[in-house]
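Here the structure is laid out as structure tokens; the discussion comes afterwards.
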Amino acid sequence: MALRIYSLFSRTERSCREKRSEISVTRSRVSMDEDDVFEDTSSELTPLSAVADAFEELSALLKAKGFDYDLDLKTFCDACSLVSILFGCLGLAFKFAELEYVSKVSDLAEASESYGTLNSVLDFDKQNDTVRTQGSLSRNLRRVRQGLDLIRALFQNFLSSDDCYLKEAASTAYTKTCAPYHTWAVRTAVYAGMYALPTREQLLLKLNETDESAEREMVRYINASLPVIEYIDKLYTSRNISLDW
């Protein structure tokens with residue numbers, strides 16, 4: 001079973017191996033030019049605290065500037081790139097989600113010099129009727145948003161249960177956030193791979209967190225990521241683009 005599941009991912013993994021490698025080095029964040037909202041952070045941050053910091057700063061920026069603010073694409077990608085390590089800690093079940101997420105963030109980051117902001121991405125694809133086209137930046141942004149929501153839902157489920165196994169928390173999170181948009185083959189592979197999820201204790205070890213510190217950082221991400229997710233959704237709905245894809 002494990003070999004069959006892995007073979008489903010192997011082609012995608014080969015195609016974005018270099019992108020995953022490039023994103024993995026972004027754990028030290030780039031400061032923003034706008035009002036110095038982002039600050040340099042300590043190299044001793046755990047992966048989870050680095051993610052929480054990044055999204056709290058994004059959330060604070062959006063709250064300060066308002067939801068009509070034109071968010072810088074590179075700033076957004078710098079924060080999103082930190083999330084990739086969290087997918088990597090979840091094992092085979094989320095391999096496809098990890099590969100897809102890393103690839104889409106990398107594509108958006110590469111395009112940041114040309115487009116500048118998230119609004120520019122949507123404007124271009126809306127004008128050219130390519131919002132939902134495979135490989136378009138607007139489609140990539142939609143998939144990144146789903147990845148952020150998947151981690152958010154997983155953290156919520158993780159904190160609401162003392163189960164030492166993550167299968168229920170992960171299955172529920174995936175079903176709610178990503179499964180409706182994946183093919184039958186991908187859904188089948190993901191659900192079958194749930195057996196390979198780390199235990200609660202193993203996940204904490206991978207994240208270099210205790211129960212107490214993990215809860216603190218997960219709550220921070222849960223709260224901070226929601227305004228960012230809502231901001232992305234508004235980019236689509238404000239242009240009369242539905243979110244059912």
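The values are calculated or read from the model by the stated rules, or taken from the named source; none is laboratory data. A quick note: this is a predicted structure, and the numbers were derived from the prediction, not measured. In this analysis, Cβ positions are derived from the backbone assuming ideal geometry, glycine residues included, and neighbour counts consider all displayed protein chains. Side chains included, ligands, DNA and RNA excluded: accessible areas come from the protein's heavy atoms. Shrake-Rupley method; radii C 1.70, N 1.55, O 1.52, S 1.80 Å.
Summary of computed values
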quantity: Residue list for the stretch 193-203, restricted to those being in a helix (DSSP H, G or I) and open to solvent by 30 Å² or more (accessible area, probe 1.4 Å); calculated: Tyr195, Ala196, Arg200, Glu201, Gln202
quantity: Residues located in the stretch 78-94, provided they are closer than 19 Å to Glu168 by Cβ and part of a helix (DSSP H, G or I); calculated: Leu86, Phe87, Leu92, Ala93, Phe94
quantity: Members of the stretch 110-125 that are among the polar types (S, T, N, Q) and free of Cβ contacts under 8 Å to residues at least 60 places away in the same chain; calculated: Ser112, Ser114, Thr117, Ser120
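Yes/no matrix, rows are residues, columns are (1) open to solvent by less than 70 Å² (accessible area, probe 1.4 Å); (2) under 15 Å from the mean Cα position of the chain (by Cα); (3) aliphatic (A, V, I, L, M):
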residue	(1), (2), (3)
Asp125	yes, no, no
Leu141	yes, yes, yes
Asp162	no, no, no
Leu166	yes, no, yes
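Residue-wise test of (1) in a helix (DSSP H, G or I); (2) in contact (Cβ under 8 Å) with a residue 60 or more places away in the chain; (3) among the hydrophobic types (A, V, I, L, M, F, W, C).
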| site | (1), (2), (3) |
| --- | --- |
| Phe96 | yes, yes, yes |
| Leu108 | yes, no, yes |
| Asp129 | no, no, no |
| Leu141 | yes, yes, yes |
| Leu150 | yes, no, yes |
| Asp162 | no, no, no |
